Structures are given as C-alpha cells and as structure tokens.
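The values are calculated or read from the model by the stated rules, or taken from the named source; none is laboratory data. Values in this document were obtained by computation on a predicted structure and should not be read as measured data. Here Cβ is always computed from backbone atoms with ideal geometry, including for glycine, and neighbour counts include all displayed protein chains. The area values use the complete protein model at the heavy-atom level, side chains included, leaving out ligands, DNA and RNA. Shrake-Rupley method; radii C 1.70, N 1.55, O 1.52, S 1.80 Å.
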Amino acid sequence: IEEKKILFPDFNLVLAYNAEFFFSGNVGAFQRIISNLLTNSVEACAKSNYQKIVKISVVTAKNKIVIKIRDAGPGFAESINPNEFFYGNTTKKSIGGIGLASAAEYLKSINSTITIKSKLRSGACVEI
C-alpha cells in the first residue's frame, strides 16, 4: 500500500484493520494480487471526475480474514457482470484481462474466493 501511495500521490489510500494475520501462502503472489486490485481501483477513479479515494479494510469475520478494496469510481453498468472479468475479459484497451483471472485462480488454490460488487456511478468493492 505504501508503494501505491508513492505511485499515486493524488489519491487517498485509506487502510483500516481490526486484526493482524499470518499468511502462509505465496506472499509474492498475494502482494501482486493486492497491488493489481489497488491499481485497478485507482485507474477506475482516474478515468473522470470521481473521488480519488480507495479504502482497504482487513477484518476478521467468522474465523476468516476478509479483505475489501472499495473505490469511489464509476462502477460497472448494470449490463456488465464484473465477476465475468475473471475469465480474461477486460474493459482495458491495452491489456488482456489476465490480472483478475490469475488472482481468482491463485486464491482458489489457497481455498479463498474473490468477488466484485458494483453499482453504476457508485464505485466497486472487491472482496477476498
């Protein structure tokens, strides 16, 4: 997160957590996933005049760790299912949409999930 604060100084990246946790998987892969999700959120907010804020929360719930990355960007149109982006689809012109697909694949391998909730003009929330 600190790296993203340096890369995107115009953005307010807010971290809130109620617990620390130990991660026993591939730390590098997990860091890339979080980094990609943060970049996606920042890019979405930067597309137009949306609030330049991304909130990251880490909480414990029902013996699980829940990580949420929420932005104030444009969100997805109702006709788009954001969870379809896990299969190589993309809204980006220059990239092939493999970031979310590989994130979902890795998270599944460690018995975790990733979902995206969104509402047009109200931002998006990615939950791990």
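Of note:
- Exclusive hit being in contact with a Leu (Cβ under 7 Å, 6 or more places away or on another chain), among the aliphatic types (A, V, I, L, M) and free of Cβ contacts under 8 Å to residues at least 60 places away in the same chain, set ILE53, ILE1: ILE1
- Condition check for ALA103: out of contact with any Leu (no Cβ under 6 Å at 6 or more places or on another chain), open to solvent by less than 90 Å² (accessible area, probe 1.4 Å) and either farther than 15 Å from ILE128 by Cα or modelled with pLDDT under 85 (or both): no
- Leading residue by the ranking (farthest from ILE69 (Cα to Cα)) among those in region 13-25 that are assigned to a loop (DSSP other than H, G, I, E, B) and open to solvent by less than 80 Å² (accessible area, probe 1.4 Å): GLY25
- Test: residue in region 44-56 that is within 24 Å of GLU105 (Cα to Cα) and over 14 Å from the mean Cα position of the chain (by Cα): no
- Residues satisfying the stated conditions in region 55-74, i.e. part of a strand (DSSP E or B) and of a type in the set (Lys, Arg): LYS55, LYS64, LYS68, ARG70
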